[in-house]
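Participant: One structure, pasted below without further comment.
The values are calculated or read from the model by the stated rules, or taken from the named source; none is laboratory data. As the structure is a prediction and not an experimental result, all values here were calculated from the model. Quick reminder, even Gly has a Cβ in these numbers, built from the backbone with ideal geometry, and neighbours come from all protein chains shown.
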Amino acid sequence: MHNYRELKVWNKAVDLATEVYSLTKLFPSDERFGLISQMQRSCVSISSNIAEGAGRGTPSQFAHFLTIAYGSCFELATQLTIATNLNYVEQENFQIIDNKITEAQKMIYRLKETIDSKV
């Protein structure tokens, strides 16, 4: 259906995941199976679901996977907030990552609206 590698939103999501992985390297090792794992899975889910949806056969299937990616953004934002409250993330880094999550959410939402208008 779409070449996902050409989608700006997919590229932004991959960059976001890379940043989250770098950020979580600084977390305490006892969070390896807690917030580190959760945040890494959430951020990878965003770009992965965009790619999987782009590879599906119909616009409605693509829209479904965009909905999952959108939800993963909210999941990641929640986990980032918890990590910040636990002082694992400095406020400045929180703001940078949170802004990137919000940007991804907006892009996913707009792409889904575009896809839905074609169904």
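Participant: Among all residue pairs at least 6 apart or on different chains, which show Cβ distances below 9 Å where the first residue, located in the range 25-47, is free of Cβ contacts under 8 Å to residues at least 24 places away in the same chain and the second is in a helix (DSSP H, G or I) and of a type outside the set (A, V, I, L, M)?
Facilitator: Between residues of the range 25-47 that are free of Cβ contacts under 8 Å to residues at least 24 places away in the same chain and residues that are in a helix (DSSP H, G or I) and of a type outside the set (A, V, I, L, M), the close pairs are ILE36/THR24; ILE36/SER29; SER37/THR24; SER37/GLU31; GLN40/TYR21; GLN40/THR24; ARG41/SER72; ARG41/GLU75.
Participant: Which members of the range 41-75 meet the condition of being over 9 Å from the mean Cα position of the chain (by Cα) and among the aliphatic types (A, V, I, L, M)?
Facilitator: Result: ILE50, ALA51, ALA54, ALA63, LEU66, ILE68.
Participant: Please verify whether SER72 is outside any loop (DSSP other than H, G, I, E, B), within 21 Å of ASP116 (Cα to Cα) and modelled with pLDDT of 95 or more, treating the condition exactly as stated.
Facilitator: In short, yes.
Participant: Tell me, please, whether a residue that is assigned to a helix (DSSP H, G or I), of a type in the set (Val, Ile, Thr) and at pLDDT 95 or above can be found in the range 37-44.
Facilitator: Yes: the range 37-44 contains one or more residues that are assigned to a helix (DSSP H, G or I), of a type in the set (Val, Ile, Thr) and at pLDDT 95 or above.
Participant: Further, regarding this structure: Determine whether the range 85-95 contains at least one residue that is crowded, with 20+ Cβ neighbours inside 10 Å and under 17 Å from LYS12 (Cβ atoms).
Facilitator: no
Participant: Report yes if GLN38 is more than 15 Å from the chain's Cα centre (by Cα) and surrounded by fewer than 20 Cβ atoms within 10 Å (Cβ to Cβ), otherwise no.
Facilitator: For GLN38, the condition - more than 15 Å from the chain's Cα centre (by Cα) and surrounded by fewer than 20 Cβ atoms within 10 Å (Cβ to Cβ) - is not met.
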